[in-house]
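Input: a single structure, listed below in C-alpha cells.
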Amino acid sequence: MARIKYLVLIGLALFSLALVNKAEAQIIINNITTGIPGNGQVQITWNTSQPAKTDIYFGLSSDNLDKHLGNIEYKTGHQADLTGLKKKTDYYYKIVAVNESGQRTESFVQYFNTKDMKD
C-alpha cells in the first residue's frame, strides 16, 4: 500500500512539473522586419520563439487596426504581404501569436510609411 501511495505521489509530481514547464514557456515575437513598400504592398517578416499560429492586424491608426491577415500553421518563421496600400500614408500593425498550448502574446504596435512607395 505504501508503494502505491509513493508511485501516485511520484506521478502527481511529474504531472505538476509538466504543467509548470508549459506555463513557463513564454512565446516571444522577435526579428520583426518591414520590407520596402512597392506596387501597393509590403512584406513583413518575423519569428516566434516556438511554433505558433500568428495574426497580423493593421490599419491607418494605432488604435484602429481594422484589417487582418491570419496564418493557421504552427511555425517559427512567419511572413505577411500587406496589399492595397496607398502612397504617402502611415500604416500601423501588430502581431498576435498563439502557441500550441494556447498561450497568446502580442507585439508592440509597429509603424511604416508609404511616402516613397514605387509603382
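The values are calculated or read from the model by the stated rules, or taken from the named source; none is laboratory data. This is a predicted model, so every value here is computed, not measured. Cβ placement follows ideal geometry from the backbone for every residue including glycine, while neighbour counts extend to all protein chains displayed. Surface areas here come from the heavy atoms of the whole protein model, side chains and all, with no ligands, DNA or RNA. Shrake-Rupley method; radii C 1.70, N 1.55, O 1.52, S 1.80 Å.
Listed values, structure above:
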| read-out | value |
| --- | --- |
| Residue list for the range 55-65, restricted to those being open to solvent by 40 Å² or more (accessible area, probe 1.4 Å) and either hydrophobic (A, V, I, L, M, F, W, C) or within 12 Å of Gly84 (Cβ to Cβ) (or both) | Leu60 |
| Matching entry among Lys67, Lys53 (being among the charged types (D, E, K, R) and over 15 Å from the mean Cα position of the chain (by Cα)) | Lys67 |
| Residues of the range 86-119 that turn out to be under 11 Å from the mean Cα position of the chain (by Cα) and either among the aliphatic types (A, V, I, L, M) or part of a strand (DSSP E or B) (or both), as a count | 9 |
| Failed criterion for Ile95 (all others in (1) in contact (Cβ under 8 Å) with a residue 24 or more places away in the chain; (2) in contact with a Pro (Cβ under 9 Å, 6 or more places away or on another chain) hold) | (2) |
| Answer residue from the range 66-108, given it is under 25 Å from Lys118 (Cβ atoms) and aliphatic (A, V, I, L, M) and is most open to solvent (accessible area, probe 1.4 Å) among those | Leu69 |
| Those residues of the range 30-85 which are out of contact with any Gly (no Cβ under 8 Å at 6 or more places or on another chain) and in a loop (DSSP other than H, G, I, E, B), in sequence order | Gly35, Ile36, Pro37, Asn39, Leu60, Ser62, Asp63, Asn71, Ile72, Glu73, Tyr74 |
| Set Thr34, Thr48: member being open to solvent by less than 20 Å² (accessible area, probe 1.4 Å) and modelled with pLDDT of 95 or more | Thr48 |
